[in-house]
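The values are calculated or read from the model by the stated rules, or taken from the named source; none is laboratory data. In this text the structure is predicted, and so the values were computed from the model without any measurement. So basically every Cβ, Gly included, is an ideal-geometry build from the backbone, and we count neighbours across all protein chains shown. Protein only, heavy atoms only, side chains kept; ligands, DNA and RNA dropped before computing areas. Shrake-Rupley method; radii C 1.70, N 1.55, O 1.52, S 1.80 Å.
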Amino acid sequence: LDGGQYRVYNNGTLEIKRARKEDEGKYTCVATNILGKADNRVELVVKEPTRIIQAPKDQSVVRGSEASFHCKVESNDLPYKVTWTKDGELVYLGWRYDI
């Protein structure tokens, strides 16, 4: 695998530069000498970073009515937290705000 985005060091380390989805798979380390051979298999899973796949939209509402901003997140089944700020300050979740 040595070359391109792969680099194999003298100590046996395999380094993958800028891992991509197509790098996923089973990798096998094989060590040999005059006394024999040993191998070990590992699996690489490449996950996408958390991202917003449906962003909230600007809106205008009549005073006293409800405003809802929908923010849909994709996170590869990993736990995530959505926070909201207003004018740079964290939104206080009182009786008027709900997430």
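Taking first residues from the stretch 20-42 that are closer than 20 Å to Gln5 by Cβ and partners that are outside any strand (DSSP E or B) and acidic (Asp, Glu), the Cβ contacts under 9 Å between residues at least 6 apart in sequence or on separate chains come to Lys21/Glu48. For the stretch 43-66: of the residues being touching a residue at least 12 places away in the same chain (Cβ under 8 Å) and of a type outside the set (A, V, I, L, M, F, W, C), which is least open to solvent (accessible area, probe 1.4 Å)? For the stretch 43-66, the residue satisfying everything is Pro56.
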